[in-house]
Amino acid sequence: MVSRDDVAEDRPARRTVYRWDLDKTYLSTDFDSLKGLWRAAVEKAEDKRTFPGAHSLLRELCATEMRGLYILSGSPEQMRKVLEEKLRLDGIKWDGLVLKPSLNRLLRGRFRFLRDQVSYKLSALLASRLAIAAPYEEVMFGDDAEADAFVYSLYSDLCAGRVGLDLLARVLGLARTYDDDAAELLELARTVPKKELGKRIFIHLERIEPSTVFEGFGPRVVAFHNYFQPAVVLLQDGLIDADAVVRVGLELTRGGLFSPDALGASYADLARRKLIGLATGEGLLSALDRAEAQTLEEREALSMLRDTVKACALQTKIVPPVLDQPLDYEALLPTDRARAHRAKSRARARMR
């Protein structure tokens, strides 16, 4: 006999672990200037700003019966108190928060560690994977500032057994990981249970890059311009409901953050990339009929979104988030680093 608890456990939301980066993913942090670095280090929790819609989406995810929320950030361990306070102010409950032990490594003369996001984040992800009971799947959020798409993809394929220890060792060599760190990481990868778990990898285009910039990572990686877009894709995947998607969209329209046609344009972009199908559109239309707009801008935004969803109804073919072939991580690492360097240079140029 199947109990109510057994049924609940079988729901997709109960089997999902969410992993989030903080800086440039959830928090609007400027690391491209000395002024921005200083402000990030000294500002109080109440002064830290989230990206429009990020808080709303994360709040909606926390309202589901998820398996857990694990936050992995490149911010130094010394910022733990203020970051935890910020999350509490936002009403976010988390199951794990890992920060980078930069000062500890610096005092040990490990200067390369400060720039090495690959070994740091990959090690933290694998260690967390060993600590969480299966079965579950993972949805990961990062940004385009560093190597999040690369690390999340490599982590997913290590867990799935598509990447072996020999390839991992070569990648760590390319990343200039310290030998003892690499040895520990290889041992973690050897012992981690092998299971397909990487469902989606969302990459926030904080650098204002085109959505095609991460096509080399395959359809599992979804680049997004605003938080309405991952909300719609999560609806497609059955992880949140359509009413939650509308609430995220309405938050973006408040305070002049989005023009009335922006939600429709964001939806049309997802349809063009074949990330959403007919059932998602139908569910969203029903939610739009139930939604109550408070302002003229909200009414216009919902109306334009409704028209766009109807216009995209015939575009029902979707690209599933599965890999046709293994990724060439040895080629992707230098390519992705060059992309991040170019994007950072453009950001600094805009500040001059």
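The numbers here are math on the coordinates, done by the rules we state, and not lab data. Keep in mind that this is a model prediction, so the values were computed, not measured. Note that each Cβ is placed from the backbone with ideal geometry, even for glycine, and that neighbours are counted across all protein chains shown.
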Checklist outcome for this item: Contour minus Cα-Cα span, R342 to K44, at 0.36 nm per residue, comes to 104.2 nm
Item to check | Sum of side-chain charges, G161 neighbourhood, beta-carbon under 14 Å (Lys, Arg +1; Asp, Glu -1) | outcome: +2
Checklist entry - What number in nm² do you get for the stretch 208-253 if you take the convex hull of its Cα atoms and divide its surface by four? => result 3.6
Checklist entry - Per residue and in Å³, how big is the convex hull formed by the alpha-carbon atoms of the stretch 241-320? => result 79
Checklist entry - With the contact rule set at Cα under 8 Å and sequence spacing of 6 or more, what percent relative contact order holds for the stretch 183-290? => result 22
